Amino acid sequence: MSSVATITIGTDSYSVYGTQAEVATYLNGRLGTAAFTAATATEKQQAHVQATRWVDTMKWQGVPTDLVTPQPLSWPRTGMVDCDGTVVATTAVPDELCEAVAELVLIILGDNAASDASSTAKNIKALGAGSATVEFFRSGDAQGGGGTPLPTPAWRLIKCFTGAGSQANSGAIASGADQCSQFDDDDRYDLRSDAGFA
């Protein structure tokens, strides 16, 4: 398991997931890391801070371990199990979380505005031709593009800690009710199996 580390840029210190050495080690074993290799030491630090901030926007299961001080980041947490069902120590940060941060570091160094996107989803619900109508899902609603809150390489690593598991973004489900969900209305959302897609 990894831990929360501190990065100092100029006179300012920032809490981050994993050390810079852990990020470098992870990315050394990955293809397509030219943006990381070409970055300056400061750029790598800034990307690490930005990636930590990005991943820390997730809604995690469990609760932060230290609610008194409080701790600077969402992890470590209590009441957590990893993707294999193993209990995560209340003082630890899962390796998967630090690996996700490393993936985001690489993405940010390739596009420093990447974390400004609210989602990787395509949220178009319906298109029209007659009156040039475009209808969008509200933010947080079921998203037409099967989007994820983080880029796929990072999301795959940490989704089980958010409760999404393997069912993330697989569709809309209504449970505990004896009525159909509005998403079950084929005509309303054009979910028929014979519907065409552009």
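Things worth noting here:
- Among the residues here, residue 65 qualifies as open to solvent by less than 60 Å² (accessible area, probe 1.4 Å), of a type in the set (S, T, N, Q) and in contact with a Lys or Arg (Cβ under 8 Å, 6 or more places away or on another chain).
- Evaluation of residue 116 against (1) at pLDDT 70 or above; (2) in contact with an Asp or Glu (Cβ under 9 Å, 6 or more places away or on another chain) (one fails), failing number: (2)
- Test result for residue 101, open to solvent by less than 60 Å² (accessible area, probe 1.4 Å) and out of contact with any Pro (no Cβ under 8 Å at 6 or more places or on another chain): yes
- Segment 34-72: number of residues that are out of contact with any strand residue (DSSP E or B) (no Cβ under 6 Å at 6 or more places or on another chain), assigned to a loop (DSSP other than H, G, I, E, B) and of a type in the set (Val, Ile, Thr): 4
- Of all residue pairs spaced 6 or more apart or on separate chains, those with beta-carbon atoms under 6 Å, a first member in segment 27-48 that is within 23 Å of residue 9 (Cβ to Cβ) and a second member that is open to solvent by 40 Å² or more (accessible area, probe 1.4 Å) are 35/109; 35/110; 36/109; 39/109; 47/109.
Yes or no, residue by residue, for (1) over 21 Å from the mean Cα position of the chain (by Cα); (2) modelled with pLDDT under 95; (3) surrounded by fewer than 14 Cβ atoms within 10 Å (Cβ to Cβ); (4) of a type outside the set (A, V, I, L, M):
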site	(1), (2), (3), (4)
12	yes, no, yes, yes
16	no, no, no, no
33	no, no, no, yes
39	yes, no, no, no
50	no, no, no, yes
71	no, no, no, yes
75	no, no, no, yes
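- Pairs where the first residue, in segment 67-95, is under 22 Å from residue 23 (Cα atoms) and of a type in the set (Gly, Ala, Ser) and the second is part of a loop (DSSP other than H, G, I, E, B) and open to solvent by 50 Å² or more (accessible area, probe 1.4 Å), C-beta under 6 Å, 6+ apart: 92/1
- Screening 100, 132 for residues that are at pLDDT 95 or above and small (Gly, Ala, Ser) leaves exactly one candidate, 100.
- Any hit, segment 85-94, residues being aliphatic (A, V, I, L, M), farther than 13 Å from residue 3 by Cα, crowded, with 16+ Cβ neighbours inside 10 Å and under 18 Å from the mean Cα position of the chain (by Cα): no
The values are calculated or read from the model by the stated rules, or taken from the named source; none is laboratory data. Everything quoted here is computed from the prediction, not taken from an experiment. Neighbour counts run over all protein chains shown; Cβ positions are idealised from the backbone, glycine included. Surface accessibility is based on the protein's heavy atoms, side chains included, excluding ligands, DNA and RNA. Shrake-Rupley method; radii C 1.70, N 1.55, O 1.52, S 1.80 Å.
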